[in-house]
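Report on the structure given below.
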Amino acid sequence: MTEQPDTAHVAPLSLRDSARRTLSLERDAIDALLTHLDESFDRACELILTCRGRVVVTGMGKSGHIGGKIAATLASTGTPAFFVHPGEASHGDLGMITRGDVVLALSNSGETAEVTALLPLLKRMGIPLVSMTGRPNSTLARHSNAHLYAGVEREACPLDLAPTSSTTAALALGDALAVALLESRGFTAEDFAMSHPGGSLGKRLLLTVADLMHKGDRLPQVPQGSPLRDALLEISRQGLGFTCVVSTDGTLAGVYTDGDLRRTLDRYQDFTGLKVDDVMTRPGHYVTPDTLAAEAVRIMEDNRITALAVIDDLQRPIGALHMHDLLSAGVI
């Protein structure tokens, strides 16, 4: 059985002091990047913006982990990118890199053997190289078309060994690169949603009412002139909290809701002979099928209602949307 270390003698304050020191060092490492941004950053952006292919990110060890995240950020913000392990690249995966690509190589020392081993092949293929290192005079930096300096004064690790401040700086610089490219491309929230269809943003920006509405036999509706009792039965049968009231020409005459029922109870003692037309809301709130689901949420919230009728171009009811549908779809 593995013996657990005794941490009872470690004061909580000293643990927090250690955390504060680490965060301060990493904050300082990011602040220092500002003084090293120069025309080489512009050159890196130009190489990527004019690239006809993709950005191929590579790096070994911790730099590789950071590179993977940078590739993912680039890909999700309008710059096609993917990560290739440098060790695997030398054993066949280099075939994933084509002449229209740009390579972004990360190495804190700039001398990582698995990364520098790719240099002759990249040069022979004429592939532009952007490097991100902590040593401007390193082999990788000297042989790149654009060099991004990500050096730090010291690691947050008290031994100054474990990559901590340096990986944070590289990650932040990668984000800065991705955002600069995003802004240069005029990338929009709608573009972002297209690459995140399963995320909450994608659902808010891509889902329409047509994707979620109840239709056909699930559309609550009664003819105009129906007894109020029929409207109440339809509301109960469909379970959406309202029913559409349809005129003789098939258009939406109004809606009768749970709220209307409460108001009816306040006004009338006897429902005998009462028609739905006498107590319905005219014309009621409605949307069209191509309305964004997020816009339907706003309409419901602004009017403090939980359901909407859906009408076509001829004002005919063709569906119904309930707040629960939006919740189930993850729109809210």
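The values are calculated or read from the model by the stated rules, or taken from the named source; none is laboratory data. Note that the structure is predicted; figures quoted are calculated from it, not measured. Cβ sites come from the backbone with ideal geometry, for glycine too, and all protein chains shown count toward neighbours. Protein only, heavy atoms only, side chains kept; ligands, DNA and RNA dropped before computing areas. Shrake-Rupley method; radii C 1.70, N 1.55, O 1.52, S 1.80 Å.
If you take the Cα centroid of segment 42-60 and the Cα centroid of segment 127-180, the two points sit 15 Å apart. Between amide H atoms placed 1.01 Å from N, distances below 5 Å from Gly254 occur with Val245, all of them 5 or more places distant or on a separate chain. Charged neighbours of Asp278, selected by a Cβ distance under 15 Å, balance to 0 (K, R count +1; D, E count -1). Rounded to the nearest whole Hz, the Karplus-based 3J(HN,Hα) values (6.51 cos²θ - 1.76 cosθ + 1.60, θ = phi - 60°) of segment 174-181 follow the sequence x, 5, 4, 5, 4, 6, 4, 5, with x at glycine and proline.
In this view, the solvent-accessible surface of Leu265, computed with a 1.4 Å probe and all protein chains in place, comes to about 100 Å². Summing charges over all other residues whose Cβ lies under 14 Å from the Cβ of Val152, with Lys and Arg as +1 and Asp and Glu as -1, gives -2.
When the alpha-carbon atoms of the chain are used, the pair Rg, Dmax equals 30.8, 92 angstrom.
Bridging of Lys123 to aspartates and glutamates at a Cα separation below 20 Å is possible for Glu46, Glu88, Asp93, Asp101, Glu111, Glu114, once same-chain residues fewer than 8 apart are set aside. Computed over the chain, the per-residue total of -39500 (n - 2.57) for DSSP H runs of n ≥ 4 gives a 222 nm mean residue ellipticity of -12500 deg cm²/dmol, rounded to 500.
Taking a probe of 1.4 Å, how large is the accessible area per residue of segment 32-133, in Å²? Walk me through the numbers on the way to the answer.
Working: 4570 Å² over 102 residues.
Spelled out: the 1.4 Å probe surface of segment 32-133, per residue, equals 45 Å².
Quick one: putting +1 on the C-beta of Lys and Arg, -1 on the C-beta of Asp and Glu, what dipole do you get for the chain around its Cα centre, in Debye to the nearest 20? In total the dipole reaches around 340 debye. Shown in residue order for segment 18-29 are the 3J(HN,Hα) couplings computed by the Karplus curve 6.51 cos²θ - 1.76 cosθ + 1.60 at θ = phi - 60°: 4, 5, 5, 4, 4, 5, 5, 5, 6, 4, 5, 5 Hz (x for Gly and Pro). The string of couplings for segment 58-70 from the Karplus curve (6.51, -1.76, 1.60, θ = phi - 60°) is 9, x, 10, x, 4, 4, x, 4, 5, x, x, 5, 4 Hz, one whole number per residue in order, with x for Gly and Pro. Both numbers refer to the Cα atoms of segment 47-190; Rg and Dmax are 14.5, 46 Å. Near the amide H of Val287, within less than 5 Å, lie the amide hydrogens of Ala309, Val310, Ile311, all on another chain or at least 5 residues away, with H placed in the peptide plane.
Run through the DSSP bridge list for the chain and note the antiparallel percent, rounded to the nearest 5.
Working: 14 of 35 bridges.
Here the antiparallel bridges make up roughly 40 percent for the chain.
For Leu94, the accessible area of its heavy atoms, probed at 1.4 Å with every protein chain present, is near 30 square angstrom. Each peptide in 238-250, 279-291 receives the mean, over its residues, of other Cβ atoms within 10 Å, and ordering these scores from highest gives 238-250, 279-291.
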